1. Could you please find all residues in the stretch 81-98 being β-branched (Val, Ile, Thr) and over 27 Å from residue 52 (Cβ atoms)?
2. Check the stretch 67-74 and report whether any residue there is touching a residue at least 24 places away in the same chain (Cβ under 8 Å), more than 19 Å from residue 41 (Cβ to Cβ) and not in a loop (DSSP other than H, G, I, E, B).
3. Among the numbered criteria (1) within 16 Å of residue 102 (Cα to Cα); (2) modelled with pLDDT under 95, which one does residue 64 miss?
4. Sort out for me the strands (runs of 3 or more DSSP E) sitting completely within the stretch 79-194 that have 3 or more residues that are more than 30 Å from residue 32 (Cβ to Cβ) and open to solvent by less than 80 Å² (accessible area, probe 1.4 Å).
5. Considering only the stretch 45-54, state which residues are assigned to a strand (DSSP E or B) and exposed (fewer than 14 other Cβ atoms within 10 Å of the Cβ).
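The values are calculated or read from the model by the stated rules, or taken from the named source; none is laboratory data. Predicted model, so just to flag it, every value in this text is computed and none were measured. Neighbour counts are summed over all protein chains in view; Cβ atoms, including those assigned to glycine, are modelled from backbone coordinates with ideal geometry. For accessibility, only protein heavy atoms count, side chains too; no ligands or nucleic acids. Shrake-Rupley method; radii C 1.70, N 1.55, O 1.52, S 1.80 Å.
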Amino acid sequence: GRYCWPAPGCRISSFRTAYEGYTAPTVALDPAMDALTVYAGQKTTLTYTASESTTSVEIYVDGKLSATLGGAPYQYVYTPQTAGKAEIMAVAKDSLGGSGYSEKLAVTILENDVPSLSVSGITDGATYDAASLPKVTVSAADANGIEKLQLAFDGNVVQEIHGAEGVFDLSGISGGTRTVTVTAFDIYGLSVSQ
């Protein structure tokens, strides 16, 4: 036969072969959607379905690899930190090196304002008798909703209320100078403290 070496008139081709009937993997968002609006800090679970031949699903946010999911169900928790726009796409991979691409998901991320917090019953710098400490009344508000209120003594959380208002009991604080901190968290984890 004739041999072809890298010489004039010689062409070298590279190609990939696949078995007859081969189909590249597919991946799609379930439920299907092309746009999503979330708040900064909001956790959103995106679920992708992929064809049976899929061995992994890569998630790209704004063209950068964000996660590799190794098996069904292919779920990605998206938590944007800043307001703006983003684009999410999934790529299914199979064991033969084939790829399939999802439709792009356009994400609008809205600004998340910190909660407002009102604390009454104690005053900064005041002196109290350890045997008869006042109750601390707390109320918080947020456009997205309040998840919880926390009370901390010297930086250690000692009480928690799930909701936007409540009363904390200060009993158990020993004598001395103590720091009492009340913190309100909105449903997306943004907080404010007094």
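1. Scanning the stretch 81-98 gives a single hit, 82.
2. Among the residues of the stretch 67-74, at least one is touching a residue at least 24 places away in the same chain (Cβ under 8 Å), more than 19 Å from residue 41 (Cβ to Cβ) and not in a loop (DSSP other than H, G, I, E, B), which makes the answer yes.
3. Going through (1) within 16 Å of residue 102 (Cα to Cα); (2) modelled with pLDDT under 95 one by one, residue 64 breaks only (2).
4. In the stretch 79-194, the matching strands (runs of 3 or more DSSP E) lie at 116-120, 135-141, 146-153, 156-161, 165-169, 180-186, 191-193.
5. 45, 47
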